[in-house]
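Visitor: Here it is, the structure, as structure tokens.
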Amino acid sequence: MTRAFTIWLTGRPRAGKTTLGGLLCRALTDLGLAAEYLDGDELRRALSPGLGFSAQERRSHALRAAYLAGMLNRHGVICVVGLISPQAEARREARRQLGEFVEVYLDCPLEQAINRDQTGLYQKALAGQIKNLTGLDDPYEPPQDPELHLHTHRQGPRECLEAIFGFLDQAGLLPALGARADSGQAAEVYSPAEERQIKQRLRALGYL
């Protein structure tokens, strides 16, 4: 079974969590790994529709996501969580609960986040139509020691993806799929065509 872990993407609204989280999850599944992306907004709608945006409710939302990620991890599924999770204490508690925890801070200046906002979220907040928008009129506590600190206004999605895979490889969290294929062990799991696809993907990422 795959050594499961959770990648926790945190950052202000429109920092790039959804885009990068989806790409990351697809890249992991392309390698033949079981992976699932948990989007903070979707989780709130599906599992926590009654939660508001007070400090305690935000904490509860983050810890519910951590609980679900832990369930997936225990079944061998790598979990990518894309969640604002503005409170440092809640992220520390998520790390404590999950154990195998890779915190990735997506750092994006407010001006850039506003410029890339196509939903009007920031404009509504600036006009006073909505309250408690994280990073604007509600605090966001940046991670002090994340596993990765990415600047999404300077680093594109592919560069960010490569940085994350580089960390996972160095941390020993990625299985040695290439070595398994070369030794013949992969034949029990992958077809020849799948082996070729996996090796091509690993070469594209610089691992073979």
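The values are calculated or read from the model by the stated rules, or taken from the named source; none is laboratory data. Bear in mind that the values here come from a model prediction, so they are computed numbers and not experimental data. FYI the Cβ positions are ideal-geometry reconstructions off the backbone, even for glycines, and counts take in every protein chain you see.
Visitor: So which of P175, P146 is modelled with pLDDT of 90 or more and not in a helix (DSSP H, G or I)?
Guide: On the way: P175 fails: modelled with pLDDT of 90 or more.
Result: P146 is the single residue among P175, P146 that is modelled with pLDDT of 90 or more and not in a helix (DSSP H, G or I).
Visitor: If you don't mind, another one. Taking the stated definitions as given, is E42 surrounded by 15 or more Cβ atoms within 10 Å (Cβ to Cβ) and of a type in the set (D, E)? Give the derivation first.
Guide: Numbers: surrounded by 15 or more Cβ atoms within 10 Å (Cβ to Cβ): no; of a type in the set (D, E): yes.
So E42 does not fit the description; no.
Per-residue answers, yes or no, for (1) within 21 Å of R26 (Cβ to Cβ); (2) among the charged types (D, E, K, R); (3) in contact with a Lys or Arg (Cβ under 9 Å, 6 or more places away or on another chain):
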site: R91; (1), (2), (3): no, yes, no
site: A94; (1), (2), (3): no, no, no
site: D117; (1), (2), (3): no, yes, yes
site: K124; (1), (2), (3): no, yes, no
site: K131; (1), (2), (3): no, yes, no
site: D138; (1), (2), (3): no, yes, yes
site: H151; (1), (2), (3): no, no, no
site: A163; (1), (2), (3): yes, no, no
site: F167; (1), (2), (3): yes, no, no
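Visitor: Let me ask another. If you check E195, E141, E111, E162, which single one turns out to be outside any strand (DSSP E or B), modelled with pLDDT of 90 or more and over 22 Å from the mean Cα position of the chain (by Cα)? Walk me through it before giving the result.
Guide: Details: E195 fails: modelled with pLDDT of 90 or more; E141 fails: over 22 Å from the mean Cα position of the chain (by Cα); E162 fails: over 22 Å from the mean Cα position of the chain (by Cα).
Within the list E195, E141, E111, E162, the selection yields E111.
Visitor: Surrounded by 17 or more Cβ atoms within 10 Å (Cβ to Cβ) and of a type outside the set (D, E): is that true of P13 in this structure? Show your work before the answer.
Guide: Values: surrounded by 17 or more Cβ atoms within 10 Å (Cβ to Cβ): yes; of a type outside the set (D, E): yes.
In short, yes.
Visitor: If you don't mind, there's one more thing I want to ask. Looking at A113, A34 in this structure, which one is out of contact with any Leu (no Cβ under 7 Å at 6 or more places or on another chain), of a type outside the set (D, E, K, R) and within 19 Å of G135 (Cα to Cα)? So that I can check it myself, show each step before the final result.
Guide: On the way: A34 fails: within 19 Å of G135 (Cα to Cα).
Sole residue among the options that is out of contact with any Leu (no Cβ under 7 Å at 6 or more places or on another chain), of a type outside the set (D, E, K, R) and within 19 Å of G135 (Cα to Cα): A113.
Visitor: How many residues does the stretch 5-24 contain that are among the aromatic types (F, W, Y) and in a loop (DSSP other than H, G, I, E, B)?
Guide: Restricting attention to the stretch 5-24, the residues satisfying the condition of being among the aromatic types (F, W, Y) are 5, 8.
From what's left, in a loop (DSSP other than H, G, I, E, B): 5.
Counting residues in the stretch 5-24 that are among the aromatic types (F, W, Y) and in a loop (DSSP other than H, G, I, E, B) gives 1.
Visitor: Scanning the stretch 25-82 for residues that are among the small types (G, A, S) and assigned to a loop (DSSP other than H, G, I, E, B), which turns out farthest from Y140 (Cα to Cα)? Write out each step before concluding.
Guide: To start, the set of residues in the stretch 25-82 that are among the small types (G, A, S) comprises 27, 32, 34-35, 40, 46, 48, 50, 52, 54-55, 60, 62, 65-66, 69-70, 76, 82.
In the following step, the residues that additionally are assigned to a loop (DSSP other than H, G, I, E, B) were identified as 32, 34, 48, 50, 52, 54, 76.
Working: G32: 35, A34: 31, S48: 21, G50: 22, G52: 16, S54: 13, G76: 32 Å.
Result: G32.
Visitor: Here's a follow-up. If H61 satisfies every condition in (1) over 13 Å from the mean Cα position of the chain (by Cα); (2) within 23 Å of T152 (Cα to Cα) but one, which is the exception?
Guide: Failing condition for H61: (2).
So that you can scan it fast, the table gives a plain yes or no per residue for (1) crowded, with 17+ Cβ neighbours inside 10 Å; (2) without any contact (Cβ under 8 Å) to a residue 40 or more places away in the chain:
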residue	(1), (2)
K124	no, yes
D138	no, no
P143	yes, no
L148	yes, no
H151	no, no
P157	no, no
A163	no, yes
F167	no, no
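Visitor: Just to check your reading of the model, which residue among N115, N132 is assigned by TED's automatic domain parsing to the domain that holds R14, among the polar types (S, T, N, Q), over 20 Å from R95 (Cα atoms) and touching a strand residue (DSSP E or B) at 6+ places or on another chain (Cβ under 7 Å)?
Guide: N132
Visitor: Just give me the residues in the stretch 25-57 being under 18 Å from the mean Cα position of the chain (by Cα) and free of Cβ contacts under 8 Å to residues at least 40 places away in the same chain, in sequence order.
Guide: R26, T29, D41, E42, R44
Visitor: Check off (1) assigned to a loop (DSSP other than H, G, I, E, B); (2) modelled with pLDDT of 95 or more; (3) surrounded by 16 or more Cβ atoms within 10 Å (Cβ to Cβ) for Y105 and give me the number that stays unchecked.
Guide: Unmet condition: (1).
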